[in-house]
Amino acid sequence: MKVAALASKRGHTVTLYEKEGKLGGHLEMLRQLPSRETWGDAISDLSNAMARNEVDVRLGVDASPALLLDEDYESIICATGSRWDASGLSPYRPDRERIPGAERPHVLDLGTALGEALSRSRALGDSVLIVDDSGSYLPLGFAELLTSAGVAVEILSPRLFVGEETLKSGDMAYLLPFLRERGTQFYAQHFVETIDQDGVQVYDIWNPRQRFTLHPAHVILATMRVPDDALYRALRASSSREIHRVGDALAPRALEAVMYEGEKLGREI
Ligand SMILES: Cc1cc2nc3c(=O)[nH]c(=O)nc-3n(C[C@H](O)[C@H](O)[C@H](O)COP(=O)(O)OP(=O)(O)OC[C@H]3O[C@@H](n4cnc5c(N)ncnc54)[C@H](O)[C@@H]3O)c2cc1C
């Protein structure tokens, strides 16, 4: 949206395809969380900039390589975003590619789980364990949504403390007391060894022989985000046109870095 508005302002004829019925991408999902409605201002701001600069916005269109290459576009920019990895791959455990048991039906990635909880707050049952090694806002915001609906939540993280990154944004001072008051259990400096029929086997990262078992109805993995770059790769493989990727599709990051990159590309093309 950022690149589209700017490129159009600089004289290009720009078309933006969005496969959903609404603009906003991940901001649209964040906006639906308790206390996050002001993220909607960012969506309005970007949408208004596109409208002012006469970007042709086509909602509900899943842009395929065939559709895009059929048109006469001089350059194509893929801003297709990212998703949460569902395997439990974690930089804290470089010795393994997944958490054993991550394929079990009661184990979901955070993006999928959030989608379900936003449509029905108790869709994930009475008790949820969030395995978070992002330290970011979203796992805590998800816990806020669940505890507000009476779900018992446990948050486990190999980091020094749960929600580490929210210290910098100032969210911690509100979120941690809120969650504690609603009985949320925090296990910092712990990680998951395996998820099996007996439950979730957890270990202390400083003394891995120190173990215990948790028994949540669902386990939610918030370990890594991975780029959704299949469109970019398919276009690069089949066309010699100018093709870019931008934002989370290049590498999942914080919003301010993505906005900066959008501004930069909008000025460059
Ligand atoms: C789960 C999550 C939580 C985050 N939490 C925070 C936070 O708390 N604070 C913060 O600063 N940043 C946060 N971020 C980062 C920030 O939201 C992202 O960096 C930013 O939204 C990325 O923007 P984007 O445009 O690259 O991707 P997205 O916002 O994901 O947008 C990609 C868009 O492309 C569309 N699309 C994909 N494929 C196609 C196709 N083939 N055809 C048409 N449309 C398509 C999608 O529907 C989507 O609307 C979070 C990101 C994620 C993923």
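Taking N as the number of residues in the stretch 160-257, what is its alpha-carbon radius of gyration divided by 2.2 N^0.38 Å?
Ratio of Rg to 2.2 N^0.38 Å for the stretch 160-257: 1.57.
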* Structure fact -> Going residue by residue through the stretch 240-253, the Karplus relation 6.51 cos²θ - 1.76 cosθ + 1.60 with θ = phi - 60° gives ³J(HN,Hα) values, rounded to whole Hz and with x marking Gly or Pro, of 9, 5, 6, 10, 10, 10, 9, x, 4, 5, 8, 6, x, 8
* Measuring from centroid to centroid over Cα atoms, what is the spacing of the stretch 197-219 and the stretch 130-180 in Å? -> 19
* **Carbon and sulfur %, accessible surface of the stretch 1-108 computed with the full protein complex present, 1.4 Å** => 48
* Structure fact -> Sorted by chain and then number, the residues having a modelled amide H within less than 5 Å of the amide H of Ile205, at least 5 places away or on another chain, are His190, Phe191
* How large is the charge dipole for the chain, taken about the Cα centre, if only the Cβ atoms of Lys, Arg (+1) and Asp, Glu (-1) carry charge, to the nearest 20 debye? -> 220
* Per residue, how much accessible area does the stretch 112-269 have with a 1.4 Å probe, in Å²? -> 47
* DSSP beta bridge pairing in the chain, given as percent antiparallel to the nearest 5 -> 35
* Rounded to whole Hz, the Karplus (6.51, -1.76, 1.60) HN-Hα couplings of the stretch 146-157, x for glycine and proline -> 5, 5, 5, 9, x, 7, 7, 10, 10, 10, 10, 8
* Structure fact -> Computed Rg/Rh for the chain (Cα atoms; Rh = Kirkwood radius) stands at 1.02
* Structure fact -> Dimensionless Rg/Rh of the stretch 77-191, both radii on Cα and Rh by Kirkwood, sits at 0.96
* Report, to the nearest whole %, how much of the accessible area of the stretch 209-256 belongs to carbon and sulfur atoms, 1.4 Å probe, protein only. => 49
* Along the stretch 89-99, what does the Karplus equation 6.51 cos²θ - 1.76 cosθ + 1.60 (θ = phi - 60°) give for ³J(HN,Hα), rounded to whole Hz, x for Gly and Pro? -> 4, 9, x, 7, 10, x, 7, 9, 8, 7, 7
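The values are calculated or read from the model by the stated rules, or taken from the named source; none is laboratory data. Every value quoted in this text rests on a predicted model; they were computed, and no experiment measured them. Here Cβ is always computed from backbone atoms with ideal geometry, including for glycine, and neighbour counts include all displayed protein chains. Ligands, DNA and RNA are excluded from the accessible area calculation, which covers all protein heavy atoms including side chains. Shrake-Rupley method; radii C 1.70, N 1.55, O 1.52, S 1.80 Å.
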